[in-house]
Every structure is written in structure tokens, then in C-alpha cells.
Amino acid sequence: AQTVTQSQPEMSVQEAETVTLSCTYDTSESDYYLFWYKQPPSRQMILVIRQEAYKQQNATENRFSVNFQKAAKSFSLKISDSQLGDAAMYFCAYLSNTGNQFYFGTGTSLTVIP
Amino acid sequence: EPEVTQTPSHQVTQMGQEVILRCVPISNHLYFYWYRQILGQKVEFLVSFYNNEISEKSEIFDDQFSVERPDGSNFTLKIRSTKLEDSAMYFCASSEGLTRADTQYFGPGTRLTVL
């Protein structure tokens, strides 16, 4: 099974600053999908951003962008101009091209300091 | 914006009892999923469901678990004889199913406490 590793259990950032959350994964597949989900205290996971492995261009969604390094199997999330509402647990997830199940990392708890 | 909903938000049960967790996926979605998250641990896949049958399941999804789509809107997870270790947050998700890698939309979860 694929494994997803988030090595930072907790991170903090000053409001308006930039923070990068790390994610690495292990796979033998060449085609797959990667996601970042945000889980605020209300507990409902919300999609932040997704990346198709066949695309070389890094995905961007407003203040959120990824640094996808396929050879290194790395998929980090950068949050620019951090806002108080960004405080949440962030999960990195892997989806195979041949299955439906997500493989999640253990999450990174992000605190935004006013 | 359409959302996945789940009921109840919190379920407390005695060990050995049966529980049914309910989910209403987004209406035009075709794939449905159950995940669980034991406190402090990662979210784990349980099962995916498509066209009224299980399409994929994990090792966790043993004979005590079952899923059903009893009508056109609900998607349920039944645990026949709960164990203490079944205590977890259970998340339902759905996706359009138009492509294999459709984004999964998650519900708010049901917290199951087994005493």
C-alpha cells in the first residue's frame, strides 16, 4: 500500500506570513493524484488543492500553491498571506490511478498567530 | 453549495450493540465512501461503493461492517457488534464518478463512542 508521510505534526505562522507544510509519499506508480485537505475545528474536511502527477505545472488556488517534486516524491503546500481562518489540521492524501481509496498522512496542525 | 451530510453527529453505544451511521451524499454523485479516524490517528479508508455494490474495501472492513444504499438518497454504514476499538470518527464522502480521480467531498463525520 502507498504511504503518505507528514513529518510536521504542528506548525505555526504569523498572520500575513507564508508557511509551507511538507508531505512525502511512497509509490511505485507513475500516474496518481495528490490532494491537500483542510480540517477545521468543525471537523469537516475541505479540499484545498489537488495535483495530477502527469502535470509538471504546480497547482495553484489563490493563496494556496504546491511544490510538486515527482522524482523526490514530495508534495508540499505553501500558504501565502496566512489568515486566521487558515488555522486547521491539514492532511495530505494520495489517490492511485487504479483505485478509489485515499491514503492520508497523519496531518499537520497549523496555528495562525494574530 | 451542495454538501454531504451525516447523522447522527455523535452516537454512544454499548459494546456488542449494532449501530447504523447515516450519510446523504451529494445528489448527483455516483461514488460513495466511508472512512474512519481513530482519535489522534490518520484517516483510514474503509470502503467505496458504486452502482449498488462495493467496489473496493480495506482490511479494516471485515464481516462486522456492511454498507447499503437503502433508497435514492441515503448511504449507510452498519457495524453489527461494536467493539471498544470501533470508537472513532466516521466520515462519509462522495464523488461524481465521472472520472476515476474525482475529488471526494467529505461529510462532517459521526463520532462513535463504544462503551
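The values are calculated or read from the model by the stated rules, or taken from the named source; none is laboratory data. Fair warning: this is a prediction, and the values are worked out from it, not measured in the lab. Note that each Cβ is placed from the backbone with ideal geometry, even for glycine, and that neighbours are counted across all protein chains shown. Surface areas here come from the heavy atoms of the whole protein model, side chains and all, with no ligands, DNA or RNA. Shrake-Rupley method; radii C 1.70, N 1.55, O 1.52, S 1.80 Å.
Check whether at least one residue in region A:80-87 is open to solvent by 50 Å² or more (accessible area, probe 1.4 Å) and at positive phi, and report yes or no.
Yes: one or more hits.
Scan region B:67-86 residue by residue and report those that are open to solvent by 50 Å² or more (accessible area, probe 1.4 Å) and outside any loop (DSSP other than H, G, I, E, B).
Within region B:67-86, B:Glu68, B:Lys78, B:Leu84, B:Glu85 qualify.
What do you reckon, is B:Glu1 under 30 Å from A:Asp31 (Cβ atoms), of a type in the set (Asp, Glu), without any contact (Cβ under 8 Å) to a residue 60 or more places away in the chain and open to solvent by less than 90 Å² (accessible area, probe 1.4 Å)?
Criteria not met by B:Glu1.
Give, as residue ranges, the strands (runs of 3 or more DSSP E) completely inside region A:1-113 that count at least 3 residues that are under 24 Å from B:Glu96 (Cα atoms).
Strands (runs of 3 or more DSSP E) meeting the threshold: A:32-39, A:46-52, A:88-96, A:102-104.
Scan (1) surrounded by 14 or more Cβ atoms within 10 Å (Cβ to Cβ); (2) within 13 Å of B:Tyr31 (Cα to Cα) for the single condition B:Met89 breaks and write down its number.
The one condition B:Met89 does not meet is (2).
Return the residues of region B:49-71 that are touching a Gly at 6+ places or on another chain (Cβ under 8 Å) and either at pLDDT 95 or above or at the interface with chain A (Cβ under 7 Å from one of its Cβ atoms) (or both); say none if nothing qualifies.
B:Glu56
Being of a type in the set (S, T, N, Q), more than 11 Å from every other protein chain (Cβ to nearest Cβ) and either more than 22 Å from A:Leu95 (Cα to Cα) or open to solvent by 20 Å² or more (accessible area, probe 1.4 Å) (or both) is true for just one of B:Gln6, B:Gln41, B:Gln11. Which residue is that?
Values: B:Gln6 fails: more than 11 Å from every other protein chain (Cβ to nearest Cβ); B:Gln41 fails: more than 11 Å from every other protein chain (Cβ to nearest Cβ).
Answer to the selection: B:Gln11.
If you take the residues of region B:92-115 that are surrounded by fewer than 17 Cβ atoms within 10 Å (Cβ to Cβ) and within 7 Å of chain A (Cβ to nearest Cβ), which of them is modelled with the lowest pLDDT?
B:Arg100
Could you tell me how many of the residues in region B:45-66 are of a type in the set (D, E, K, R), buried (at least 17 other Cβ atoms within 10 Å of the Cβ) and not in a strand (DSSP E or B)?
So the count comes out to 0.
This table checks each residue for (1) within 14 Å of chain B (Cβ to nearest Cβ); (2) at pLDDT below 95.
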| site | (1), (2) |
| --- | --- |
| A:Ser65 | no, no |
| A:Ser74 | no, no |
| A:Leu77 | no, no |
| A:Tyr90 | yes, no |
| A:Thr98 | yes, yes |
